[in-house]
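The values are calculated or read from the model by the stated rules, or taken from the named source; none is laboratory data. Keep in mind the model is a prediction, meaning the values are calculated, not measured. Note: ideal-geometry Cβ built from the backbone for every residue, glycine included; neighbour counts use all protein chains shown.
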Amino acid sequence: MGLKSDNWIKRMAHEHKMIEPFTDSQVRQGVISYGVSSYGYDVRVDDEFKIFTNVFSAIVDPKNFDPQSMIDFKGEVCIIPPNSFALAKTVEYFRIPRNVLTICLGKSTYARCGIIVNVTPFEPEWEGYVTLEISNTTPLPAKIYAGEGLAQVLFFEGDEPCDISYADKKGKYQKQQSIVLPKV
């Protein structure tokens, strides 16, 4: 299994619609960068967010998540409260090939501000908009800029296709179109 280069990413995006919309160079001027990089793709965060609140003193339970724990917000800048988090989705829609696995890591510009991005791997044949978890680890409110880079996706191609893909398993987050809360 090997890390894939910018040329492979461009070819897969154009021939197989792996990433839509696709930016085939890195956009940097006046924004937190996004688009193709040397060995990855920097995704943008969309302008829709679900911001965590504990107004109702709920318990965070991944098997029984209370949707009232989240406040919907749409805008060009999202303010995440201190020591809290928000969920968002990517601008880009992904179609991962059967022989590819991705790892997604937060961008250093945000990490240097105490903002951590957590995304699970995109499994072979997973498809959809990516739900992003953005944690503000600081004691201050934190700004997130919609339409700009938030995380980098690294692509790893296996020597052969997997036996059972995410699509074969009928994964519960397959083809998600919006921010999806945890479900069992």
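Observations on the model:
- Condition check for S57 on (1) more than 16 Å from P182 (Cα to Cα); (2) in a strand (DSSP E or B): one failure, at (2).
- P81 being more than 17 Å from the chain's Cα centre (by Cα), in contact (Cβ under 8 Å) with a residue 24 or more places away in the chain and surrounded by 14 or more Cβ atoms within 10 Å (Cβ to Cβ): yes
- Hits in region 3-54 (condition: at positive phi and not in a strand (DSSP E or B)): K17, G30
- Residue that is farthest from E15 (Cα to Cα) [pool: residues in region 60-96 that are among the small types (G, A, S) and in a strand (DSSP E or B)]: S84
- A single member of K50, K4 is surrounded by 16 or more Cβ atoms within 10 Å (Cβ to Cβ) and at pLDDT below 95, and it is K4.
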